[in-house]
Each structure stands twice: as structure tokens, then as C-alpha cells.
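Q: Input: one structure, supplied below.
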Amino acid sequence: MSTPTNHRYCVIMCGGVGSRFWPYSREDCPKQFIDFLGTGRSLLQMSYDRVLPIVPKENVIVVTNEKYAPLIREQLPDVLPSNILLEPARRNTAPCIAWAAYHIAALDPEASMIVTPSDHLITRENIFLDCVRRGFEFVESNDALLTLGITPTRPETGYGYIQVGQEAEPGILKVKTFTEKPNLELAKVFLESGEFFWNSGIFLWKASTIIDALHKYNPDLTALFDRGKADFGTPEEEAFIKANFIACPSNSIDYAVMEKADNVYVECVSFGWNDLGTWSALYDNSPRNSDSNVTQNCSVLAYESKGNIFAVQQPDKLVVVHGLKDYIIADAGDVLLICPKAEEQRIKQMVNDAKISFGDKYL
């Protein structure tokens, strides 16, 4: 018998900085709060809108860094204040998910939950909704940790890969192995084998199941949260987190649990998905003109220039270029970035160099 939908929760992880989208994405306003696609909704708001047909809005939990509380309240006014969990420090996804699971389990021991990043682009949303409903039904009737796997379309080196094993039920398979961000040659082998799927970073499980897995595979983390177990779901929870969260070891849920557990499954899905982690990803998901240029929020005169993305935060600015091919031109007012798309993996290093040279002024 399936669990009633009022026992279903959504956790939106919203604490990242998005440094690969610098200079648009900044410490004070990371990429998840920006309307990159010109829809009138930020990536976070689109993530929230997407789950409302599946999860009651009072069951949507947002986990974020405490400095982003005003942005969350502004962009998601319907989220209950008690459902905004404010991390006092960044500790990656394992502590984030652990806190959310302990919080939800204290409120509802029968809870199941979907965990989703706040900055992904998903198209064909009806297919997404069907996949998530099916995923909920699977984890509610099985002791399973489920991830959504995307059929790879190219030998991408920026994503994690999941190797699949035996089928548990149609479309849901046992996971053999996880591989983090392979090199190009290995990515080509994965693509050709047909046994590998991209790891979307979207997970479903019962709150009790992920807590049990964390106890088994990351006992240092659960020992910390167990000390405050009586505080979760009460007014004392916030004080406990403020005092203890900073002591959590920084770790991703993939390394902490998913690569070790023996009850991990993948649902192979076919909705459009992109983690929108880079300028090239935004380029790939934006309309292009006859010269394959993408313009975001600006006017452009481009001569003998193809395959570029132009993004400007002042809509009245004219960009004039000659002889540029496959470049990122991103103007954020006090920072102008001009970088070949092929070298965009170096943007993180550029951010570090800007910090070394100028402190936090341009971050």
C-alpha cells in the first residue's frame, strides 16, 4: 500500500556559491537566485514550482546558508519560516541532507523525501513528475536509496556516472558502481558501453532509510546529530544546530553514503536535465541567432564572431565585437569576464586569484 502524499517531503539544497558562473554568481547572490533564462523566475523558484504538484507546499524544506535567509524569504514567500533550515557554515551535501532527514523524521516518522539541488534546469516536466511519483512509490515500499539517472548524450567529464546492474522493477535498476567525473577516454568508454548513466544529484528515500545508512557509513556525522535528537522538531533545534553544525565533517552524500551502501538503486529517466553548472551549459540551453551567438539581457553587434555567449547585467549596454569565436563575455558591472568556452574550467581558479589579489571586493 502506498504512503499518502502528505507524508512526502521535498528538500531543496540551496547553499552553494556557483563560482563557475562568476562574475554573475557572487557570494551575496549565487546563481540559484538569478533568472538566467529570462522566464521571470529564478532557478530556485523554478525548482520550487516544479515539485508543488507532487509535494504539499507545507512539506517543502529549503536548506541554505544563513546569509541567504532574506533572499529565500523574498523569492519563496509561501515556504513556512520553520521550513527554512539555515546552515551556520558550508559543509557540503552530507551534513545538509542529514540535518534535513533528522528534522523531517522528528516531524513525521513515516516521511519519504526527494532531495533536489536548487539550480538545475529540467524540461519535459510532466515526465519529471511521473518519474518522481514512481520513485516515491519505490522507496516507500522498499528499503532503498534511489537516485535519478540521466541517459548520457556525450562523453561528459563534468558529471558523475552510475553503472547499472540487475533490474529491480521496470526502469529501476540496482547500482553497481559510482564513478566521479572521469577523464575523456573513460567517459567515451562509459558512453559506448550503455551501462552508465549520469548522476543527476536528485535522490529519493524514506527519512528513516537515509538516517540508517548514515549511521552505518558515516557514524561520526550521526553521532553529532544523535546528541541533539530530542531537539529536532522543537524550538531548541536552531540553537543545537548553531552550536554543533560547524563541527560536521565536510563531505558529499555520494562519498559519505551512495558509493558505499548496498541498497542503492537508480531510476533511469528521460526528462530533459542539465545541472546548469557552467556558462557553456547556459549557452547550450539558450536560443541562438544565425551566427550561433547567445545574447542575455543586452544588445550585440558581432562581426565575424560565432558561437559566443554575451551576458550583461545592464540591459541598456551595447556590446560590439569583431573576430571572436566560442567565447564567454560576461559583464557584471564591476567585473568583465572574457574567456574561451574551452577554458571555462579555469574560472574557479580565476575567482581564487581575484580573492588573492583583491580580497572579497569582486566576489
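What follows draws every value from the coordinates through simple rules; no lab data is involved. From a predicted model like this one, the values you see are computed outputs, not experimental measurements. As a convention, Cβ positions derive from the backbone with ideal geometry for all residues, glycine included, and neighbour counts pool all protein chains shown.
Q: So how compact is region 223-337: Cα radius of gyration and Dmax in angstrom?
A: 23.4, 66
Q: How would Met350, Met46 line up from fewest to most surrounding beta-carbon atoms within 10 angstrom?
A: With the fewest neighbours first, Met350, Met46 line up as Met350, Met46.
Q: Here is a further query. Over the chain, what is the relative contact order in whole percent, taking alpha-carbon pairs under 8 Å and six or more residues apart?
A: Once normalised by length, the contact order is 19 percent.
Q: Considering amide H positions built from the backbone, and no H for Pro or chain starts, which residues 5 or more places from Thr177, or on another chain, come under 5 Å of its amide H?
A: The answer is Gln163.
Q: Please give every one of the lysines within straight-line cross-link reach of Lys67, meaning a C-alpha to C-alpha distance under 26 Å, and leave out same-chain neighbours fewer than 8 residues apart.
A: Within the straight-line cut-off, Lys67 pairs with Lys31, Lys57, Lys229, Lys242, Lys348, Lys355, Lys361.
Q: Hey, what angle do you get for helix 184-193 against the long axis of the chain, alpha-carbon based, 0 to 90 degrees rounded to 10?
A: The two axes meet at around 60 degrees.
Q: Let me test this: with uniform point scatterers at the alpha carbons of region 279-358, what is the Debye-based log₁₀ I(q)/I(0) at q = 0.12, 0.20, 0.22, 0.25 1/Å?
A: Reported log10 I(q)/I(0), two decimals: -0.34, -0.89, -1.05, -1.26.
Q: Something else about it: Among Val264, Leu37, Pro77, whose Cα projects farthest towards the positive end of the dipole of the chain, with charges put on the beta-carbon of Lys, Arg (+1) and Asp, Glu (-1)?
A: Positive-end residue among those listed: Leu37.
Q: On a C-alpha basis, how far is the centre of region 1-58 from the centre of region 214-259 in Å? Whole number, if you could?
A: Answer, in whole Å: 23.
Q: For region 139-194, take N as its residue count and report Rg(C-alpha) divided by 2.2 N^0.38 Å.
A: For region 139-194, the normalised Cα radius of gyration is 1.23.
Q: Give me the dipole magnitude in Debye, nearest 20, for the chain about the Cα centre, with unit charges on the beta carbon: positive for Lys and Arg, negative for Asp and Glu.
A: Taking the Cα centre of the chain as origin, the dipole is about 540 debye.
Q: Projected area of region 39-97, taken from the Cα convex hull and averaged over every viewing direction, in nm²?
A: Its average projected convex-hull area is 4.5 nm².
Q: When the dipole is taken about the Cα centre of region 184-341, and only Lys, Arg (+1) and Asp, Glu (-1) are charged at their Cβ, what size is it in debye, to the nearest 20?
A: Using Cβ point charges on Lys, Arg, Asp and Glu, region 184-341 gives about 240 debye.
Q: Shifting gears a bit: Can you tell me what share of the DSSP beta bridges in the chain is antiparallel? A percent to the nearest 5 is fine. Write down the numbers at each step before the final one.
A: Working: 28 of 61 bridges.
The antiparallel proportion sits near 45 percent.
Q: Taking the number of other C-beta atoms within 10 Å as the exposure measure, put Cys10, Cys248 in order starting with the fewest.
A: Ordered by Cβ neighbours within 10 Å, fewest first: Cys248, Cys10.
Q: Take every Cα pair under 8 Å in region 279-358 that's 6+ residues apart, average their separations, divide by the length, and report that relative contact order as a whole percent.
A: Rounded, it is 22 percent for region 279-358.
Q: Same structure, new question: Return one number: the angle in degrees, 0 to 90 and rounded to the nearest 10, between the long axis of the Cα atoms of helix 93-107 and the longest principal axis of the Cα atoms of the chain.
A: 40 degrees
Q: Could you give the angle, 0 to 90 degrees to the nearest 10, between helix 125-141's Cα long axis and the longest principal axis of the Cα atoms of the chain?
A: For helix 125-141, the angle is close to 20 degrees.
Q: Another question about this same structure. Looking at Ala302, Asn218, Ser200, which one has the Cα that reaches farthest to the positive end of the dipole of the chain (charges on Cβ: Lys, Arg +1; Asp, Glu -1)?
A: Value: Ala302.
Q: Charges on Cβ only, +1 for Lys and Arg, -1 for Asp and Glu, centred on the Cα centroid of region 5-274; of Cys10, Pro235, Leu184, which one is farthest towards the dipole's positive end?
A: Result: Leu184.
Q: Let a ≥ b ≥ c be the square roots of the eigenvalues of the Cα gyration tensor of region 1-131; is it rounded (a/c under 1.5), or, if not, prolate (a/b larger than b/c) or oblate?
A: Taking the square roots of the gyration eigenvalues as a ≥ b ≥ c, region 1-131 is oblate.
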